[in-house]
Amino acid sequence: MFSSSTTTTATSSLPPLRQINVICKEAWGALPVAGDFTRHDIERITIHHTAVVLEENTLAPARLRQHQRFHQSRGWPDLAYHFMIDAAGNVYEGRPVEAVGDTGTEYDPTGHLLICCEGNFDEQELPPAQYGALIRMVAWGVAEYGVDPASVQGHRDVAATSCPGDRLYGPISDGTLAGAVTAVLPEDRTLTVICGEDAFDRVAGIERVEA
Ligand SMILES: [Zn+2]
């Protein structure tokens with residue numbers, strides 16, 4: 001059997017555009033903000049896990065709602081973190097980036113961009129899709145705020161906690177994450193918060209349990 005092609009694929013001289021679509025808070029069912037924020041400027045990036053094992057990614061949006069309610073029950077105005085990443089690499093909008101995060105541990109999160117991976121990485125493996133999304137999110141933060149990739153840290157670097165779990169802390173502490181971030185930095189990258197029907201459809205798709 002033969003196949004032939006008389007067409008050639010046009011190639012673009014433009015660099016690839018890396019579009020990060022962040023699912024807005026309304027679409028994942030966040031409650032309204034319950035208090036005042038303190039403003040800050042991002043100077044560093046700190047990575048967290050939720051410390052709750054995520055058995056199925058269909059549960060991820062429900063977990064976000066639980067985390068936000070729990071955080072607000074502690075008297076915090078909103079979810080503690082700025083961005084959340086699920087096991088499939090979906091990125092969700094959290095607290096506004098210009099607002100200081102919150103923590104139950106002994107450190108001052110002022111100036112920290114808080115990126116949190118859903119799951120417990122002392123207990124479970126880090127899914128490749130989740131790690132890939134983390135690389136892209138950290139690369140965005142590094143470029144957006146002029147942060148040194150080598151300075152990206154885990155929560156346990158600044159406070160007495162096991163967060164973000166051994167399997168997520170490993171690539172942070174041994175420079176693997178910083179190397180991956182540096183490798184993708186030359187790419188153009190835009191971050192867009194998507195809302196409306198597209199975002200609600202995305203969440204419905206994530207929550208759908210296949211029969
Ligand atoms: Zn943490």
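Selection within the range 73-122: residues that are in a strand (DSSP E or B), within 9 Å of the chain's Cα centre (by Cα) and away from the ligand (no atom under 14 Å from the Cβ). The member of this set that is surrounded by the most Cβ atoms within 10 Å (Cβ to Cβ) is Tyr92.
The rows are residues; the columns are (1) among the small types (Gly, Ala, Ser); (2) touching a residue at least 24 places away in the same chain (Cβ under 8 Å); (3) farther than 17 Å from Val142 by Cβ.
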position: Gln153; (1), (2), (3): no, yes, no
position: Ala160; (1), (2), (3): yes, yes, yes
position: Tyr169; (1), (2), (3): no, yes, yes
position: Ser173; (1), (2), (3): yes, no, yes
position: Leu177; (1), (2), (3): no, yes, no
position: Ala183; (1), (2), (3): yes, no, no
position: Thr190; (1), (2), (3): no, yes, no
position: Cys195; (1), (2), (3): no, yes, yes
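Among the residues making up the range 161-177, those that are buried (at least 19 other Cβ atoms within 10 Å of the Cβ), part of a helix (DSSP H, G or I) and either touching a helix residue (DSSP H, G or I) at 6+ places or on another chain (Cβ under 7 Å) or among the polar types (S, T, N, Q) (or both) are Tyr169, Pro171, Leu177. Would you confirm whether any residue within the range 123-136 is of a type in the set (Asp, Glu), in contact (Cβ under 8 Å) with a residue 60 or more places away in the chain and closer than 23 Å to Thr103 by Cα? Yes.
Filtering the range 179-211 to residues that are of a type in the set (Asp, Glu) and farther than 27 Å from Pro149 by Cα leaves Glu197, Asp198, Asp201, Glu207, Glu210. So which residues in the range 185-211 are in a helix (DSSP H, G or I) and surrounded by fewer than 18 Cβ atoms within 10 Å (Cβ to Cβ), if there are any at all? Matches in the range 185-211: Gly196, Glu197, Asp198, Phe200, Asp201, Ala204, Gly205, Glu207. Residues in the range 19-72 that are within 16 Å of the ligand (Cβ to nearest atom) and among the aromatic types (Phe, Trp, Tyr): 1 in all.
Within the range 144-157, being over 17 Å from the mean Cα position of the chain (by Cα) and more than 9 Å from the ligand (Cβ to nearest atom) holds for Gly146, Asp148, Ala150, Ser151, Asp157. Quick one: would you say Arg167 is within 16 Å of the ligand (Cβ to nearest atom), among the charged types (D, E, K, R) and at pLDDT 95 or above? The answer is yes for Arg167.
Could you tell me whether Val142 is outside any loop (DSSP other than H, G, I, E, B) and buried (at least 18 other Cβ atoms within 10 Å of the Cβ)? It is true that Val142 is outside any loop (DSSP other than H, G, I, E, B) and buried (at least 18 other Cβ atoms within 10 Å of the Cβ). Assessment of the range 30-39 against the conditions (buried (at least 23 other Cβ atoms within 10 Å of the Cβ) and either free of Cβ contacts under 8 Å to residues at least 60 places away in the same chain or closer than 21 Å to Pro164 by Cβ (or both)) yields no matching residue. Check the range 84-93 and report whether any residue there is on the phi < 0 side of the Ramachandran plot, among the β-branched types (Val, Ile, Thr) and out of contact with any Lys or Arg (no Cβ under 7 Å at 6 or more places or on another chain). Yes, because at least one residue in the range 84-93 is on the phi < 0 side of the Ramachandran plot, among the β-branched types (Val, Ile, Thr) and out of contact with any Lys or Arg (no Cβ under 7 Å at 6 or more places or on another chain).
The values are calculated or read from the model by the stated rules, or taken from the named source; none is laboratory data. Remember, it's a predicted structure, so these values are computed and weren't measured experimentally. Every residue, glycine as well, gets a Cβ built from its backbone with ideal geometry; the counts of neighbours run over all protein chains shown.
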